[in-house]
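Down below is the structure, laid out as structure tokens.
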Amino acid sequence: MAIATATTRIRATEDTSVLPPSPIVPLFAAMLAAFAEFIARERDIAGVDVWDPAFRGWLAAAEAAQDRLTDLQNALQATPVAHPADWPLKRATFLLQATLGADRPEEVAQLRRAARQNASSFLRDDGTQASQQARQMLARAQALHEDFLALDLLGQGSDADLSPGL
């Protein structure tokens, strides 16, 4: 009696839908935490007089939070894409980075409109776990983006007529 031998290597028969973890996902999660901290620090100094003795410490904390956020954004942009679900996270990071770097209210309004009008391109769902996780993080990013814009740091006002989206 003959013994059947496998002609296909075991590794070749593994499920290809299971991909190794993406390095972008934990970076994006850390960036969201840093963005939330940055918004909180900016809120702390929003209504404080610059001559208040506590202002210096609050300003230093806000600047440190912004530096941490910028470092994470730069690291995320430099990280190569490992999964299709990473693309929307990188796009959202670019949009947030552009919003933070805007110098004029017109730029902020234009970026806000772009985020809201192109929300569907950020939230594609192909049914994978990575895609669902990215969707949840993008929803959190959208909420933080709106919170940041509500600070009105450049006097851009609001675009209440546009539907929300990131």
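Side notes on the structure shown:
- Test: residue in segment 49-69 that is within 21 Å of Gln136 (Cβ to Cβ) and modelled with pLDDT of 85 or more: yes
- Out of Ala114, Ala119, Ala85, Ala102, sole residue that is buried (at least 17 other Cβ atoms within 10 Å of the Cβ), at pLDDT below 85 and not hydroxyl-bearing (Ser, Thr, Tyr): Ala85
- Residue within segment 153-163 that is at pLDDT 65 or above, of a type outside the set (Gly, Ala, Ser) and either farther than 19 Å from Trp87 by Cα or not in a loop (DSSP other than H, G, I, E, B) (or both) present: yes
The values are calculated or read from the model by the stated rules, or taken from the named source; none is laboratory data. Fair warning: this is a prediction, and the values are worked out from it, not measured in the lab. We place every Cβ from the backbone using ideal geometry, glycine too, and count neighbours over all the protein chains shown.
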